[in-house]
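Chemist: Got a structure for you, written out below as structure tokens; questions coming shortly.
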Amino acid sequence: MIVRFSNDMDRPIFLIGGAASAAVFLIFGLAIFPSDSRAAALLFDLAGKLGSFPFTVQGLMWLVFFMALSDALFIYLSVTKDQAELGAGYLPEQKTKMISSETAKAIYSAISNRPPTASAIRFLIIKTLDQFFVSKSLSRANDVFDNSVRLLYDRSDLQFSFIRYAAWLLPTIGFIGTVIGISLALVVAAEPPMEMSSVSMRDWMGALTGELGFAFDTTLLALAQSALVVFIQSYVQAKAERVLVDSEEYCLDNLINKLLDPN
């Protein structure tokens, strides 16, 4: 009997959906904001300070942002399904009902006949009973249960690798945009107008501040996106850890503490 801990085959579909959402969002921005507006410069760089829209620094940041949100949604839905398994009644929950070897075999068979799914409850029960049947030892079964719990926590933590990377990557991209913007501003600053008239000075200062504005816009947007990604990651991760704690407690109360020594 193999219990799938997570359906990672579905994950690329969510990431592709995130990329598609970013494309729709960029098209929506192109339709809503005039290319010379302040919001367009901050959110999308429609003026094309660096690259052609949507292939700009901001466009890349929106791509990473929406892919991170899609990955968080995938994990959240997986955790929600896992949480629903807590009410499936796999184990006898009466405090006075103990679990004999025959009852354990019936529980194992009932779980084996269900369709494979991502479930911490099933994973813990199957791994514990596998060892219990093989070794006929409560202490060995308890050791396997403890190791299985640690494995679930490690797997849960690994699920957030991409989101953590995105939370780091967004400010990095924003800072790269800032460095590029400052470099472009220095190029403009190095070429002041030959005639110091009010019109030429105004145009020169406008070009200079425009490049500086782009430089700080990328970092501002990146920090805002990163803060939102970290908030969502914290929320989903807390939910995932609560489900694991509840699953561990459920198995402790209704399996580990109720198994009868076959000897």
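The values are calculated or read from the model by the stated rules, or taken from the named source; none is laboratory data. None of these values were measured; they are calculated from a predicted model. Positions of Cβ are backbone-derived with ideal geometry, glycine not excepted, and every protein chain shown enters the neighbour counts.
Chemist: Give me the pairs, please: first residue somewhere in region 79-98 and touching a residue at least 40 places away in the same chain (Cβ under 8 Å), second residue anywhere and loosely packed, with under 15 Cβ neighbours inside 10 Å and of a type outside the set (Ser, Thr, Tyr), beta-carbon distance under 7 Å, and either six or more positions apart or on two chains.
Modeler: Correct list of pairs: MET98/LEU260.
Chemist: Which pairs turn up if I take residues in region 234-263 that are under 14 Å from ASP157 (Cα atoms) and look for partners that are of a type in the set (Ser, Thr, Tyr) and part of a helix (DSSP H, G or I) with beta carbon separation below 6 Å, at least 6 apart in sequence or on another chain?
Modeler: VAL236/TYR76; ALA240/SER156
Chemist: Regarding ALA20, is this residue farther than 30 Å from GLN83 by Cα, surrounded by fewer than 18 Cβ atoms within 10 Å (Cβ to Cβ), among the small types (Gly, Ala, Ser) and at pLDDT 75 or above?
Modeler: no
Chemist: From the residues in region 215-249 that are among the polar types (S, T, N, Q) and in contact with a Ser or Thr (Cβ under 6 Å, 6 or more places away or on another chain), which one is surrounded by the most Cβ atoms within 10 Å (Cβ to Cβ)?
Modeler: As a first pass, look at region 215-249 and keep what is among the polar types (S, T, N, Q): 218-219, 225-226, 233-234, 237, 247.
Now narrow it down to the ones that are in contact with a Ser or Thr (Cβ under 6 Å, 6 or more places away or on another chain): 218-219.
Numbers: THR218: 28, THR219: 18.
My answer is THR218.
Chemist: Is at least one residue of region 118-128 outside any helix (DSSP H, G or I), within 35 Å of the chain's Cα centre (by Cα) and in contact (Cβ under 8 Å) with a residue 60 or more places away in the chain?
Modeler: yes
Chemist: I've got another one for you. Which of the residues spanning region 11-36 are among the aromatic types (Phe, Trp, Tyr) and closer than 17 Å to VAL64 by Cα?
Modeler: Across region 11-36, the qualifying residues are PHE14, PHE25.
Chemist: If you don't mind, there's one more thing I want to ask. Looking at (1) at pLDDT 90 or above; (2) within 20 Å of THR80 (Cβ to Cβ), find the lone condition where THR117 falls short.
Modeler: So THR117 meets the others, but not (1).
Chemist: In this structure, is LEU42 modelled with pLDDT under 85 and closer than 30 Å to ILE182 by Cα?
Modeler: yes
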